[in-house]
1. List the residue pairs whose Cβ atoms are under 8 Å apart, where the first residue sits in segment 261-273 and is part of a helix (DSSP H, G or I) and open to solvent by less than 50 Å² (accessible area, probe 1.4 Å), the second is among the acidic types (Asp, Glu) and at pLDDT below 90, and the two are 6 or more positions apart or on different chains.
2. Can you list residue pairs whose Cβ atoms sit under 7 Å apart, with the first residue in segment 59-83 being at positive phi and the second being open to solvent by 50 Å² or more (accessible area, probe 1.4 Å) and not in a helix (DSSP H, G or I)? Count only pairs 6 or more apart in sequence or on different chains.
3. Would you confirm, using the coordinates I've provided, whether residue 215 is closer than 28 Å to residue 309 by Cβ and at pLDDT below 85?
4. Go through segment 245-293 residue by residue and tally those that are charged (D, E, K, R) and more than 18 Å from the chain's Cα centre (by Cα).
5. Would you check which residues across segment 181-213 are β-branched (Val, Ile, Thr), under 20 Å from residue 225 (Cα atoms) and either in contact with a strand residue (DSSP E or B) (Cβ under 6 Å, 6 or more places away or on another chain) or assigned to a strand (DSSP E or B) (or both) and list them?
6. What about residue 289, is it in contact (Cβ under 8 Å) with a residue 60 or more places away in the chain and touching a His at 6+ places or on another chain (Cβ under 7 Å)?
7. Among the residues of segment 198-226, write down those that are farther than 22 Å from residue 299 by Cβ and either among the small types (Gly, Ala, Ser) or touching a residue at least 40 places away in the same chain (Cβ under 8 Å) (or both).
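The values are calculated or read from the model by the stated rules, or taken from the named source; none is laboratory data. Because the structure is predicted, anything quoted here is derived from the model rather than measured. When we count neighbours, we look across all protein chains shown, and the Cβ atoms used for this are built from the backbone with ideal geometry, even at glycine. We work out accessible area using only protein heavy atoms, side chains counted, and drop any ligands, DNA or RNA first. Shrake-Rupley method; radii C 1.70, N 1.55, O 1.52, S 1.80 Å.
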Amino acid sequence: MQELKCPNCGEVFQVDESGYAQIVSQIRDKEFETELKRREEELNKNRERDLELVRLEQEKKQEAVLNKKNSELSEKDKEILELKTKLTNAESEKKIAVMEAVAEKEKEVTAKNNVINELNGKLSLSEKETELNIKTLKESYETKLKDKDEQIEYYKDFKARQSTKMIGESLEQHCLNEFNTIRMTAFPTAYFEKDNDAKTGSKGDFIFRENTEDGIELVSIMFEMKNEADETKTKHKNEDFFKELDKDRREKNCEYAVLVSTLEMDNEYYNTGIVDVSYKYPKMYVIRPQLFIPMITLIRNASLNSLQYKREIKVMKEEQLDIFNFQENLEAFKTGFNKNFKDASERFQDAINGIDKTIDQLEKIKKALLTSEKHLNAANNKIEDVTIKKLTKNAPSVRAMLEEKNNEV
């Protein structure tokens with residue numbers, strides 16, 4: 001794993017070898033050549049400086065060794081002189097002592113000369129190793145430059161063969177392939193699919209979501225991929241898509257918005273790395289395609305740091321929701337009770353009114369019955385007053401017929 005430091009926020013994050021290789025492969029030719037020349041000059045200067053330091057150190061060591069040797073030789077010369085002085089008294093013994101002292105001194109001088117030769121050999125070996133390292137580094141840079149040139153030529157040929165629509169689709173497919181390559185190892189439970197919901201009138205390209213085991217949304221990102229052919233006459237700018245991307249982010253309830261773009265390739269502002277444009281739209285970033293996976297990793301790691309706060313917020317929301325639900329239930333009970341009480345009161349009043357109406361109706365019926373009774377009594381009295389004489393008063397023929405009938409009987 002390689003460590004990268006964000007030039008904007010200063011945060012250090014890790015990428016794997018493939019991600020690092022992709023980042024290196026995107027370095028521009030001119031910048032890379034300048035960096036290579038600078039590094040070669042720096043290595044040459046460092047090599048010359050190191051060689052000079054080694055040479056000076058060697059000279060100092062040799063000078064120190066020689067000074068020490070001369071000092072020791074001077075001391076030995078003094079000893080020899082003393083021995084020669086003593087030879088007058090004991091010539092034979094002093095000769096032996098002098099010979100032994102000279103032999104021992106010669107051994108010491110030979111040993112010191114061996115040390116000096118060994119240091120000279122190490123110095124030569126260090127120079128060879130430095131030259132070998134420079135040669136190896138240069139060959140490595142040349143190989144990377146060659147690979148980069150081949151990749152640039154391939155990319156130019158690839159873009160030249162595609163239509164504008166195919167170029168856009170190729171960037172989306174590239175990002176999808178990059179994610180699928182590490183999906184099972186880095187994001188086994190994450191959701192990363194095309195945004196096919198256009199019911200609000202627009203849609204992004206991809207949505208990334210990842211939830212924890214306890215159901216808390218760890219991170220959500222709305223991705224928009226924008227690519228452009230070199231021969232396209234109408235050149236778009238990255239900021240042309242900020243407003244629509246922010247709209248899609250809010251409509252799809254995503255926390256972050258990321259524009260993966262190859263637009264404005266000559267704009268150094270977008271070539272420096274991850275560009276934070278949250279001064280215009282909240283939590284929005286612009287990146288080049290090679291930073292697609294590192295960007296997801298960076299946002300995900302930042303979200304992991306705030307996961308505990310999200311859990312606490314969820315608990316607080318659930319507590320507030322319980323209180324809210326209790327209040328809603330209490331209000332619903334009060335509303336239902338008031339409604340039932342109102343309905344019961346209305347029904348009770350209707351019953352009272354019905355009883356009053358019934359009483360009024362019964363009073364009317366009673367009055368009508370009393371009136372009918374009077375009429376019946378009058379009719380009865382009239383019936384009792386009815387006689388044949390009265391009935392036949394104005395009907396003499398009927399009266400004669402009735403009389404005739406009575407006589408026959």
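1. 270/264
2. As it stands, the answer is none, since no pair meets every condition given.
3. yes
4. Residues of segment 245-293 that are charged (D, E, K, R), as a first pass: 246-252, 255, 264, 266, 268, 276, 280, 283, 288.
Remaining after also requiring more than 18 Å from the chain's Cα centre (by Cα): 264, 266, 268, 280.
Final tally of qualifying residues: 4.
5. Just the residues of segment 181-213 that are β-branched (Val, Ile, Thr), to begin with: 181-182, 185, 189, 200, 207, 212.
Narrowing the set further to residues that are under 20 Å from residue 225 (Cα atoms) leaves 181-182, 200, 207.
Once the filter is applied, which keeps residues that are β-branched (Val, Ile, Thr), under 20 Å from residue 225 (Cα atoms) and either in contact with a strand residue (DSSP E or B) (Cβ under 6 Å, 6 or more places away or on another chain) or assigned to a strand (DSSP E or B) (or both), segment 181-213 yields only 207.
6. Details: in contact (Cβ under 8 Å) with a residue 60 or more places away in the chain: yes; touching a His at 6+ places or on another chain (Cβ under 7 Å): yes.
It is true that residue 289 is in contact (Cβ under 8 Å) with a residue 60 or more places away in the chain and touching a His at 6+ places or on another chain (Cβ under 7 Å).
7. Step one: of segment 198-226, the residues farther than 22 Å from residue 299 by Cβ are 198-202.
Of everything in segment 198-226, those that are farther than 22 Å from residue 299 by Cβ and either among the small types (Gly, Ala, Ser) or touching a residue at least 40 places away in the same chain (Cβ under 8 Å) (or both) turn out to be 198, 200, 201, 202.
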